[in-house]
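Colleague: Dumping the structure here so I can ask a few things about it.
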Amino acid sequence: MDMGNQHPSITKLQEIQKKVKDLGQQVATFSGLLADSEYKKLEGALTRQLFEIDCVDTEGKGAIQQTRNRAAQEAERLLKDLEQNANHPCRLEIQKIFEEAQKLVRDEIAPLYGGGSCITEEFEDGIESFILRLTQVKTEGKTSLRKARYRTLTKVLAIQEILESCMKRQVLPLPLSTDAHPSVSKINSVMCEVNKARASLITLLIGVNNNETYRHLSCVLTGLIADLDSLDVSGHTEVRNYRKEVVGEINSLLKHLDLEEEGATTAAYDLAQNQSIMKIEEIRKTATGMKNDLLKADTISDLQLGFKAELQGLIAQLDEVSPGRNPFIREARRRTVIEVQATITYIDLKEALMKRQTYGDQTNTEHPSHKAVWNVLGSLSELQGEVLSFDGNRTDKNYKRLEELIIKQLLALDAVDVAGDERSKVARKQAVKFANNILSYLDMKTDEWEY
């Protein structure tokens with residue numbers, strides 16, 4: 001149809017569809033809850049578009065009716081997606097953890113509001129447990145859930161960093177005595193205000209302070225820096241260093257005031273774009289290629305034994321990857337290290353079993369229990385190869401088979417009677433540890449962890 005002769009109703013519907021499409025982008029990244037103002041705003045906007053669609057007169061024309069139906073279906077789909085995002089079980093789990101963190105802050109924050117810096121271990125341990133639980137929440141690849149988890153986690157991590165700063169101050173011989181310099185009294189007074197500001201920031205981050213704003217707190221902290229800058233402490237190194245430390249405390253709080261903007265862009269919460277994650281993934285890909293080459297071979301050659309040095313080099317590269325304070329990057333690095341180490345232990349055991357075969361008759365004089373342990377290790381080596389190549393989940397029959405076979409080898413080790421032979425006792429202990437490591441690795445491969 002010529003655009004110049006297009007029916008006015010079609011033109012109207014196309015304009016509405018464009019608005020609905022723009023709203024769809026906001027729905028896809030919505031990370032809040034049903035009670036949030038942003039939810040109500042999006043719901044209202046989509047409902048208005050549905051009303052406008054319904055008001056379009058089709059004049060009984062089939063083409064217009066079809067266009068109107070498609071526009072209505074898209075708006076209704078977005079309304080459904082919006083509600084599902086807000087009510088998703090994983091989103092509700094994130095909120096549950098956040099509310100528990102709010103309760104902990106309410107119970108523990110009083111000493112800081114009093115101007116002190118005393119933090120209980122229960123407070124610090126509680127925040128650490130919330131961080132761990134948040135990292136375990138699945139997002140199913142949904143942008144909205146990734147964003148919700150990221151925004152919540154950054155706030156709880158900020159609180160952890162603030163608390164760690166308090167814990168460090170508890171072991172420092174500060175503040176200075178007022179006898180040291182006339183300015184010390186003022187610096188001590190500012191430090192008390194900093195502790196109060198620290199409490200205000202924690203309650204702001206966790207959403208339990210309705211009497212403070214980020215903007216006002218920023219003005220307060222900036223004013224405290226100005227007060228410190230106005231002090232004349234020339235010629236008094238100890239006092240100058242004390243002032244410098246307090247200024248550092250204030251600056252460490254100021255950097256957390258922009259967390260409300262965290263997660264505004266996809267790059268912030270999509271760790272696939274993170275440089276550290278990209279480096280970890282590159283290393284993991286290299287290690288996986290080497291592992292697959294090893295598993296294809298019937299026997300371990302001298303060349304493949306040389307892989308061990310390369311794999312150890314990969315672990316050194318992983319050690320150089322900085323996770324910052326991001327627990328997902330830290331966990332991604334830890335898991336990759338375990339994957340590389342699993343391949344190294346596979347090579348080590350294969351090498352040990354090859355050497356043992358060359359001993360020939362020398363093994364005939366071994367204690368029977370020592371031979372029994374080595375027989376189990378031979379079976380575990382084969383099972384480890386299968387575990388390394390396993391690429392399923394915990395519902396797979398092969399997973400259950402491998403788990404049962406490894407447990408069977410553990411029972412076989414438990415049945416070995418070392419009969420007072422110290423060498424056999426040590427060997428059995430090492431074999432038990434090795435078998436448990438294989439089980440742990442199998443569990444790690446199938447726990448559906450994501451960053």
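Colleague: Sort through GLY385, GLY324 and tell me the only one that's closer than 28 Å to ALA287 by Cα, in the same structural domain as THR288 (by the TED database) and open to solvent by less than 30 Å² (accessible area, probe 1.4 Å).
Modeller: Numbers: GLY324 fails: open to solvent by less than 30 Å² (accessible area, probe 1.4 Å).
Step by step, each of GLY385, GLY324 is checked, and only GLY385 is closer than 28 Å to ALA287 by Cα, in the same structural domain as THR288 (by the TED database) and open to solvent by less than 30 Å² (accessible area, probe 1.4 Å).
Colleague: For region 426-445, name all the residues that are of a type in the set (A, V, I, L, M, F, W, C) and open to solvent by 40 Å² or more (accessible area, probe 1.4 Å). Explain how you work it out, then say what you get.
Modeller: Restricting attention to region 426-445, the residues satisfying the condition of being of a type in the set (A, V, I, L, M, F, W, C) are 426-427, 431-432, 434-435, 438-439, 442, 444.
If the condition is that a residue be of a type in the set (A, V, I, L, M, F, W, C) and open to solvent by 40 Å² or more (accessible area, probe 1.4 Å), then VAL426, VAL432 are the ones that fit.
Colleague: Tell me, yes or no, whether region 331-352 has at least one residue that is farther than 30 Å from LEU157 by Cα and either in contact with a strand residue (DSSP E or B) (Cβ under 7 Å, 6 or more places away or on another chain) or open to solvent by 80 Å² or more (accessible area, probe 1.4 Å) (or both).
Modeller: Initially, region 331-352 is screened for residues farther than 30 Å from LEU157 by Cα, giving 342-352.
Adding the requirement that they be either in contact with a strand residue (DSSP E or B) (Cβ under 7 Å, 6 or more places away or on another chain) or open to solvent by 80 Å² or more (accessible area, probe 1.4 Å) (or both) leaves none.
No, region 331-352 contains no residue that is farther than 30 Å from LEU157 by Cα and either in contact with a strand residue (DSSP E or B) (Cβ under 7 Å, 6 or more places away or on another chain) or open to solvent by 80 Å² or more (accessible area, probe 1.4 Å) (or both).
Colleague: Condition first: β-branched (Val, Ile, Thr) and either open to solvent by less than 50 Å² (accessible area, probe 1.4 Å) or over 38 Å from the mean Cα position of the chain (by Cα) (or both). Now tell me which residues in region 403-425 satisfy that.
Modeller: In the first step, residues of region 403-425 are kept if they are β-branched (Val, Ile, Thr); the result is 406-407, 416, 418.
Residues satisfying the conditions are ILE406, VAL416, VAL418.
Colleague: Between residues in region 431-442 that are among the hydrophobic types (A, V, I, L, M, F, W, C) and residues that are open to solvent by 70 Å² or more (accessible area, probe 1.4 Å), which pairs lie under 7 Å by C-beta distance while being six or more apart or on different chains?
Modeller: Correct list of pairs: empty, since none qualify.
Colleague: Kindly check whether there is at least one residue in region 360-377 that is in contact (Cβ under 8 Å) with a residue 12 or more places away in the chain, of a type outside the set (Phe, Trp, Tyr), closer than 22 Å to LYS296 by Cα and surrounded by 12 or more Cβ atoms within 10 Å (Cβ to Cβ).
Modeller: yes
Colleague: Which ones in region 223-244 are hydrophobic (A, V, I, L, M, F, W, C), open to solvent by 30 Å² or more (accessible area, probe 1.4 Å) and touching a Lys or Arg at 6+ places or on another chain (Cβ under 9 Å)?
Modeller: Hit for region 223-244 is LEU231, nothing else.
Colleague: Still on this model: Restricting region 113-137 to residues that are in contact (Cβ under 8 Å) with a residue 40 or more places away in the chain and part of a helix (DSSP H, G or I), which is farthest from the chain's Cα centre (by Cα)?
Modeller: Only one residue fits best here, namely TYR113.
The values are calculated or read from the model by the stated rules, or taken from the named source; none is laboratory data. All of these numbers come straight from a predicted model, not from anything done at the bench. For neighbour counting, all protein chains shown are included, and Cβ atoms are generated from backbone atoms with ideal geometry for every residue, glycine included. Keep in mind that these areas ignore ligands, DNA and RNA; they rest on the heavy atoms of the full protein, side chains included. Shrake-Rupley method; radii C 1.70, N 1.55, O 1.52, S 1.80 Å.
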